[in-house]
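Q: Would you mind keeping the following structure in view while I ask a few things?
The values are calculated or read from the model by the stated rules, or taken from the named source; none is laboratory data. The shown structure was predicted, so the numbers you read here are calculated from the model rather than taken from an experiment. Glycine also receives a Cβ, built like all others from the backbone with ideal geometry; neighbour counts cover every protein chain displayed. Note: areas computed on protein heavy atoms with side chains; ligands, DNA, RNA excluded. Shrake-Rupley method; radii C 1.70, N 1.55, O 1.52, S 1.80 Å.
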Amino acid sequence: MTEVRMEYHATDQHTPPVSGNATAPNRESRSDRMPRCGWWSVLAVAMLSSAWTMVSAQDRPVDGGGDGHGEAATSLPLEPGARLESVRSEFGLADGPAWDGTWSLFVPDVRAQKLYRFVPAQNRFDALLKQPVRISATFFNLGRLYAADNGNARIARWQGGPLETLAQLRDENGEPLRPNDLVVDHHGGVYVTVTRPGRVLYVSPSGDVRTAVEHVETANGIILSPDESTLYVAAYVPKQIWAYPVTEPGRTAAGKLFAKMNDGPARGADGMTVDRAGNVYCAGADSVWVWDPNGRLLGRIRTPQRPINATFGDPDMRSLYITGFGGLWRQRMRVYGRNPHPPARLEDIPRYWPPTRPKTVIPETVRAFLDVPYARYGTRKVLCDVFVPAEALKRHDARRPAIVVVHGGGWKNGDKTKFRALAVQLARRGYVTAAIEYRLAYEARFPAAIHDCNAAVRFLRANAAQFRIDPDRIGAVGGSAGGHLVGLMAAGFKDRRLQGNGGNAEYSSRLQAAVVMAGPLQIASGDVAERSRSDPKTSNAVLWFGGTVDQVPELYRLADAYEHIGPHCPPILFMVGEHDHPERNEPARRKLREAGVWTDVKVYKDGKHGCWNRLPWFEQMVADMDAFFRMHLNVNDGE
C-alpha cells in the first residue's frame, strides 16, 4: 500500500515540548495530518472468505533496542506460545480503532472514507455512515464513540445516527485545524493532536477548546495513563515519546522525554495505547515498541510491514490489535487492556443497551472519583472508582459506612466497571462505595488478587477523611469469583500471607460485614478442587494457582475461605439465584453458625448465575443487601 506523504514544518525542532497551561485562544490549531493516517488498530477481521494466516512470534522477532536511556529490553507481556496473527489486509487505509468494551470494534477507513463496526463473535463487518467521512481516529468512552473527523476539521461523536459535532477546530485566523489522533478522559474531555502546529488541544465535554501542550515536533499518537495522571504524546519525526503530568482536565505541567526509538533513520513514532498495568505501546518503523511506566523498554513486537497503531480489544481485553501498511494483526497478551467507562448520563445510554442490564447513570446526589490508585506494586498501580454521597462531601465531619465492590470473572476476566450499577445504587442509598479492579490470573497468580482486595480496605481506612468514611464500618460485596474473594477477605484477614505489600500496612483490612453472591468459599475441597483434577486444561483455578490441588495444595488451602472461618468472622449474607446451586455454601454457613457468627442465605426465584447484575433481580438484591448492611454496619436513617 502506498504511503500518504506530506511535508512538515516544525516550529522549533530543538525546543522541547512544553505544557500549555497558559491561557490560549478558545479555538486552536492544526493543519494537515501526518504521514501516517492514524489509529490503524482496526479489529477489522476478515469476512467469511478471509483466511487467518498464522505468523510465529519467532518468525516475527520480539526484540530489544534502546529506549533512549541506554537500557536493554527485558520481557514483553506476551501470552506464552502466542503467535502473531494476520487478520485482514483489505483496507484503503484503516485508521484509529476503538473497542466499545463489550462486543464490537469501530474502524475508520480514512482512504475509503468509511466507518465500520466489526463484531468478532459473528465475524461481521458493517459500514455505519451513509455519507463519506475522512476519520483519522476514534475512541470509545462513556457510552459514546468519539471521532477525529480530519476531513471536516472537527471532533465528532456518534451514537447510532449521523455524526454530531462536539467542537469545530480552527486557528486564530479561522483556518481549519485537522485533528490527527485523540484520547478521551473519564470526564468526557478529548485530548487531540494537531500535527503541523505541534500542539495538543483539549476539548471539554461542553465543546470548549484550549491548548494543553505546545511545541511537540510533529505531534502524532496520544494516550493517557490508566489513572489519567500522565498524558503521553508521540513526536513522529524525532521518534520520541513525551510524558506530561496532568494537573487538571485539559491542563498539563512541563513534560519530560519518556522514551525514544533508536532504530535508525526511518520515521515512525506513531499511534499509541496502554494496558491495564500502565505499559505504553507505540507503533514504530517496523515494530510496536513497549515500555513499562518508568520508560524501560520491555521489547518490540515485529510486524511484516510497518505498523501504524495498536489497541486492545476482544471481550477479555487481552488481544493487542496492530494495524499497518499491509493489514491488521492480532497478538494475544498476558496483560489486559483498559475497558472504557460506561455511560454516566441518561442521554449517553446507547440504543442497543440490553433491557435487562441495569443502567450506570450517576445521579447528581453521588460524586464519582474515577481511576483512583489504591495499591501499588513497583510500577503497577491498581485502581478503583469511588462513589460518595454528595451530601456527605458538604460536611467535613460526615462519616458514612463504606462498601468495597468486587467484580467476578473466574479470577481471570472482568474489570472494575462490571459492577458500576451496583456501586452507584449503593452510593445513592448513603454508602461510600469503591468498585475495584484487581490483578487477574494472566497478569499475576494467586495471592495477588486477595492482596489487592485487602489493600483496598486499608486504602479506604487510610483515606477515610477525604471520602467521608467511618473506618469502623466497612463492608464488602462480590459476585462469583468476586464473592469468593469477599469471603476470603472476611474470614482470612488475620493471615498475613493474604495481605501483601500494596500500601497502608499500618491499617487493618478487617471487614464489619460481607455479602457473598454465588462465590465458592471451599477451594481446597469441593467442585473447584475436583475440577482442577478432572479437567485441568479448562480449570480457572489451575490457571490462577499455577497447578492442580494436588500439585500446589498449600495455595488452595490458603485461598480456602471455609478453612479460615472462625469466631473472628463478620456477619456474612449469601445471595444466590434459584438455578445457581443455592446449596453451594451450606457447609460454610453451618461452620459460621457453629462459630457463633451471624449468617443467612437469600435465594432469588428463577435467578441464574450473574442475576445480581440483571433486571429484575438487581433491584431486589440491592434492597436486600442494603437492609443487611444497615443492620450490621449500624446505619442510621439520616445517613
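Q: With N set to the residue count of region 320-408, report its C-alpha Rg divided by 2.2 N^0.38 Å to two decimal places.
A: Taking the Cα Rg and dividing by 2.2 N^0.38 Å, one obtains 1.52.
Q: Something else about it: In whole percent, how big is the carbon plus sulfur part of the accessible area of region 476-616, probe 1.4 Å, protein atoms only?
A: Answer for region 476-616: carbon and sulfur cover 48 percent of the accessible area.
Q: Per-residue counts of other Cβ atoms within 10 Å, averaged by peptide: what ranking do you get for 289-298, 230-239, 425-434, 116-125, highest first?
A: Ranked by mean Cβ neighbours within 10 Å, highest first: 425-434, 230-239, 289-298, 116-125.
Q: Then there is this: Farthest toward the dipole's positive end in region 513-639, which of 604, 573, 526, given Cβ charges of +1 (Lys, Arg) and -1 (Asp, Glu) about the Cα centre?
A: 526
Q: Divide by every residue of the chain the summed helix terms, -39500 (n - 2.57) for each DSSP H run of at least 4, and state the resulting mean residue ellipticity at 222 nm, rounded to the nearest 500 deg cm²/dmol.
A: Result for the chain: -4000 deg cm²/dmol, rounded to the nearest 500.
Q: Report the gain in length on full extension from residue 229 to residue 623: 0.36 nm times residue separation, minus Cα-Cα distance, nm rounded to one decimal.
A: Roughly 138.2 nm would be gained on extension.
Q: Hey, quick one: spin label on residue 351, modelled 7 Å out along Cα-Cβ, who in region 113-138 has an amide N within reach, i.e. under 11 Å?
A: Output list for this probe position: empty.
Q: Using a Cα-Cα cut-off of under 18 Å, which aspartates and glutamates could be cross-linked to residue 260, ignoring same-chain neighbours fewer than 8 residues away?
A: Partners within reach: 63, 67, 71, 217, 270, 286, 292.
Q: Which aspartates and glutamates does residue 605 reach when only Cα atoms under 20 Å apart count, and residues fewer than 8 places away in its own chain are ignored?
A: Within the straight-line cut-off, residue 605 pairs with 578, 580, 583, 586, 619, 624, 626.
Q: With semi-axes √(5λ) of the Cα gyration tensor in Å in mind, check (1) 57, 28, 22; (2) 43, 27, 23; (3) 53, 29, 28 and report the label derived from this structure.
A: Of the labelled values, this structure produces (2).
Q: Could you tell me how many degrees, from 0 to 90 and to the nearest 10, lie between the Cα long axis of helix 448-462 and the main elongation axis, the longest principal axis, of the Cα atoms of the chain?
A: For 448-462 against the chain, the angle is about 80 degrees.
Q: Taking the chain as the reference, fit the longest principal axis to its C-alpha atoms, fit the long axis of helix 481-492 to the helix C-alpha atoms, and give the angle between the two in degrees, 0 to 90, nearest 10.
A: Once rounded, one gets 50 degrees.
Q: Considering only protein heavy atoms and a 1.4 Å probe, what is the carbon-and-sulfur percentage of the accessible area of region 237-362?
A: Answer for region 237-362: carbon and sulfur cover 51 percent of the accessible area.
Q: Sort all Cα-Cα distances of region 83-220 into consecutive 10 angstrom bins from zero, then give the percent of pairs in each bin up to the one containing the longest distance.
A: Bin by bin from 0 Å, the calculated values are 12, 43, 32, 11, 1, 0.
Q: Placing +1 at every Lys and Arg Cβ and -1 at every Asp and Glu Cβ, with all other atoms neutral, what dipole size does region 548-612 have around its Cα centre, in debye to the nearest 20?
A: 240
Q: Ok, one more. Could you do me a favour and compute the accessible area per residue for region 370-442, 1.4 Å probe, result in Å²?
A: On a per-residue basis, region 370-442 sits at 28 Å².
Q: How charged is the neighbourhood of residue 421? Take every other residue with its Cβ under 15 Å from the Cβ of residue 421, and add Lys/Arg as +1 and Asp/Glu as -1.
A: That sum, taken over residues with Cβ under 15 Å, equals +4.
Q: Using per-residue counts of other Cβ atoms within 10 Å, averaged over each peptide, order 319-329, 396-406 from highest down.
A: For the peptides 319-329, 396-406, the packing ranking is 319-329, 396-406.
Q: On C-alpha positions alone, give me the angle between the axis of helix 617-632 and the longest principal axis of the chain, in degrees, nearest 10.
A: Here the helix axis deviates by roughly 60 degrees.
Q: Work out how much length residue 465 to residue 608 would gain on full extension: take 0.36 nm times their residue separation and subtract the Cα-Cα distance, in nm to one decimal.
A: 47.6 nm
Q: Quick check on my link table: of 381/537; 381/412; 418/608, which ones sit more than 21 Å apart, alpha carbon to alpha carbon?
A: 381/537
Q: Express the accessible area of region 88-135 per residue in Å², computed with a 1.4 Å probe while the remaining protein chains stay in the model.
A: 41
Q: Which order do peptides 389-395, 178-184 fall in by mean Cβ count within 10 Å, highest first?
A: So the order, starting with the most tightly packed, is 178-184, 389-395.
Q: Between region 329-347 and region 175-220, what is the C-alpha centre distance in whole Å?
A: 22
Q: What accessible area per residue comes out for region 191-285, rounded to a whole number of Å², with a 1.4 Å probe?
A: Value returned for region 191-285: 25 Å² of accessible area per residue.
Q: Next question, about the same structure. Using a Förster distance of 60 Å, how high is the FRET efficiency between residue 636 and residue 126, based on the Cβ-Cβ distance and rounded to 0.05?
A: Here the calculated transfer efficiency is 0.65.
Q: Among residues other than residue 341 whose Cβ falls under 9 Å from its Cβ, what is the net charge (Lys/Arg +1, Asp/Glu -1)?
A: -1
Q: Run the numbers for residue 256 and residue 305: contour at 0.36 nm per residue of separation, minus the present Cα-Cα distance, in nm.
A: Taking 0.36 nm per residue and subtracting the Cα distance, the gain is 14.6 nm.
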